[in-house]
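The values are calculated or read from the model by the stated rules, or taken from the named source; none is laboratory data. Given the structure is predicted, the values throughout are model-derived calculations rather than measurements. Virtual Cβ from ideal backbone geometry, glycine too; neighbours counted across all protein chains shown. We work out accessible area using only protein heavy atoms, side chains counted, and drop any ligands, DNA or RNA first. Shrake-Rupley method; radii C 1.70, N 1.55, O 1.52, S 1.80 Å.
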Amino acid sequence: MTTPTLIRRVSVEALDIPLHEPFGIAGGAQERAANLLVTVELADETLGFGEAAPLPAFNGETQDGSRAAALSLREAVVGSDARAWRAVARALREASGGGAGAARCAIETAILDALTKRAGMPLWAFFGGSGTALTTDITITTGSPERAEEAARRASAMGFRALKVKVGGRLAASDPARIEAIHAAAPGASLILDGNGGLTAGEALALVAHARRLGADVALLEQPVPRDDWDGMKEVTRRAGVDVAADESAASAEDVLRVAAERAATVVNIKLMKGGIAEALDIAAVARAAGLGLMIGGMVESVLAMTASACLAAGLGGFSFVDLDTPMFLAENPFDGGFVQRGPALSLEGIRAGHGVTPERRSPGAG
């Protein structure tokens with residue numbers, strides 16, 4: 001008799017979603033969400049869904065590369081028991097040489113969605129059940145001071161009290177003016193300044209000092225310098241006078257051990273797309289043991305991947321910073337279900353099994 005939880009099939013298809021406007025970070029701008037939808041089918045025909053959201057400007061991963069990785073990783077998945085998902089995740093990491101984070105994330109998400117759906121358990125409960133509610137920030141992407149001011153006014157009117165400001169890169173010279181415009185438009189908002197590795201230590205420290213002279217509340221400085229500039233991270237952490245988050249510098253649990261040992265940050269930004277769900281849980285465990293704060297974030301993701309991240313953060317609990325806003329930047333939503341959003345408030349309470357997200361339509365040409 002076939003075990004009902006055996007993984008029978010893994011399919012991969014393109015998930016292209018237009019954006020209202022380009023999503024700009026220090027490393028470049030994304031014109032659309034060029035993602036992938038991964039479907040896992042169990043032996044009892046239960047389906048689970050996962051999303052790969054590669055972001056070339058973040059770590060060089062692309063849609064084509066993620067598709068090739070996901071297709072090549074099917075051998076490590078088909079025939080496995082979904083109940084042994086940690087062992088499957090380990091096999092995926094070994095088969096990919098530790099790379100292909102977005103593809104691994106999509107497969108692991110789909111497996112856990114199918115497993116918890118079959119069990120009638122919401123994914124947030126599977127991760128620990130600490131809560132079902134989160135409050136997210138909203139991102140102000142790179143651009144002109146005028147556009148930043150308009151975005152800040154709009155976010156403030158929607159009830160957002162935490163604004164994540166993308167800084168650094170080729171437009172870094174306009175960052176002081178952008179921060180001034182944002183603070184003038186939303187003086188009561190707390191700011192997260194996210195460099196995505198596009199600043200030097202000196203530039204980052206000067207930017208924080210400028211914001212504080214304006215009277216702005218800088219709650220966090222995120223990845224100010226390139227991921228391998230450990231001396232720069234340590235200098236900023238030592239001198240900034242605000243919390244500093246490691247993002248690109250914290251892609252694995254091993255990275256977080258180094259962050260803690262060298263005091264290179266006070267917070268770790270956990271993104272499932274960096275290395276999958278199992279790796280994210282290991283990162284959270286190491287960070288907590290080391291006394292580092294927790295942040296949950298993502299790439300340019302739809303409600304599918306963002307809901308999976310929300311389930312992890314709410315289920316584990318203890319996340320001081322929440323950055324799960326990218327579905328708001330998408331011009332279309334090809335899914336039903338997921339978290340319910342009202343302004344900055346995200347609720348998972350209505351999810352009854354799995355992550356609760358299902359495609360509105362399926363492509364007949366899925367691979």
Which numbered condition G215 fails, given (1) outside any helix (DSSP H, G or I); (2) open to solvent by 10 Å² or more (accessible area, probe 1.4 Å); (3) closer than 25 Å to F319 by Cβ
(3)
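Applying the selection to the range 69-79, what residues are among the aliphatic types (A, V, I, L, M) and open to solvent by 60 Å² or more (accessible area, probe 1.4 Å)?
Correct list: L71, V78.
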Output for the range 330-349, where each listed residue is assigned to a loop (DSSP other than H, G, I, E, B) and open to solvent by less than 10 Å² (accessible area, probe 1.4 Å):
L348
From the option list R153, R170, R161, R118, single residue qualifying as at pLDDT below 95 and of a type in the set (K, R) is R170
Index of the failed condition, S96 passing every other in (1) open to solvent by 30 Å² or more (accessible area, probe 1.4 Å); (2) in contact with a strand residue (DSSP E or B) (Cβ under 6 Å, 6 or more places away or on another chain); (3) closer than 27 Å to A33 by Cα
(2)
Given the conditions (1) over 19 Å from the mean Cα position of the chain (by Cα); (2) open to solvent by 40 Å² or more (accessible area, probe 1.4 Å); (3) among the aliphatic types (A, V, I, L, M), every one holds for A133 apart from (1)
Subset of the range 36-63 [part of a strand (DSSP E or B) and open to solvent by less than 30 Å² (accessible area, probe 1.4 Å)]:
L36, L37, V38, T39, V40, E41, L42, G48, F49, G50, E51, A52
Counting only residues that are out of contact with any helix residue (DSSP H, G or I) (no Cβ under 7 Å at 6 or more places or on another chain) and touching a residue at least 12 places away in the same chain (Cβ under 8 Å), the range 62-89 contains a total of 10
Does any residue of the range 191-206 turn out to be open to solvent by 10 Å² or more (accessible area, probe 1.4 Å) and under 17 Å from the mean Cα position of the chain (by Cα)?
yes
Hits in the range 303-324 (condition: of a type in the set (G, A, S) and crowded, with 24+ Cβ neighbours inside 10 Å):
A305, A308, S309, A310, A313, A314
